[in-house]
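These notes are about the structure you will find just below.
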Amino acid sequence: MTPLRIALIALLALLVLGGGWLAWQKLRPPLTITSATTSGTAAVGGPFELVDQTGETRRDGDYRGRYMLVYFGYTYCPDVCPTTLLIMSRALTLLGETAPAAAKQVVPLFITVDPERDTVEAMAAYQPSFHPDLVALTGTPEQVAAAAKAYRVYYAKVEDQASGTYLMDHSSFIYLMGPDGAYLTHFDHLAQPEEIAESVKRHIGG
């Protein structure tokens, strides 16, 4: 068989396969997008009852009618938590500068995953390092566990043998919740303040 004949057979095979693939693409049922971010129906968020840095009991219903930026972390966190809270604070400052009306509709919440050490007093000392509107929430281990479960937040105590203390391993996302308490979207701890501010403004329509 000559090289030309081999090349023609190979080309014909490719054309047949390509045609079959295109036909399958046209005939197959459309993909259903089930992404939580695109559908806005993720099972994230729910009722909580915690205590803020002033000692006042706070419930999720207290923030109905406002958008919530929610972050779970802890005050003893050496790096990710304070960095993320600073990013969230900067995003809120940018939002206030570019869309003041929208900024007034947003409340930032910091919920501890370390209630053993993050007492009301500890949260009161920690909160001033960030945005003045930040609400720092703690509670009993059971209350914190219930809130974390509602937001699908993972956390676990990790003993540090060298120091004789412990750190908290935990997921690190900022959740944007709507005025009805429904999940809208989320940002990871690497998101930029400008990105968060623009996304929040877009959701509010400001």
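Each reported figure results from applying straightforward, stated rules to the coordinates on display, with no laboratory input. From a predicted model like this one, the values you see are computed outputs, not experimental measurements. Reconstructed Cβ throughout: ideal geometry from the backbone, glycine too, with neighbour counts over all protein chains shown.
Some observations on this one:
- Between the stretch 135-206 and the stretch 89-132, the Cα center-to-center distance that results, in Å: 12
- Amide N proximity, the stretch 45-85 versus Ser171 label position 7 Å along Cα-to-Cβ, cut-off under 13 Å: 45-46, 71-73
- Note on Ala124 and Glu56: the extension gain reaches 23.3 nm, defined as 0.36 nm multiplied by sequence separation minus the Cα-Cα distance.
- For the stretch 121-175, the square roots of the Cα gyration tensor eigenvalues, ordered a ≥ b ≥ c, give a/c of at least 1.5 with a/b no greater than b/c, which places it in the oblate category.
- Distance (nanometres) between label positions extended 7 Å along Cα→Cβ at Asp188 and Val80: 1.1
- Going by neighbour counts of Cβ atoms within 10 Å, the residues Leu137, Leu176 line up, fewest first, as Leu176, Leu137.
- Cα-based convex hull, the stretch 43-204, per residue volume (Å³, whole number): 101
- Note on Arg66 and Glu116: the model spin-label points, each 7 Å out from Cα along the C-beta direction, lie 3.2 nm apart.
- Among beta bridges that DSSP assigns inside the stretch 43-204, antiparallel share in %, nearest 5: 65
- Compared with the alpha-carbon gap, the fully stretched path from Asp180 to Glu49 is longer by 45.5 nm at 0.36 nm per residue.
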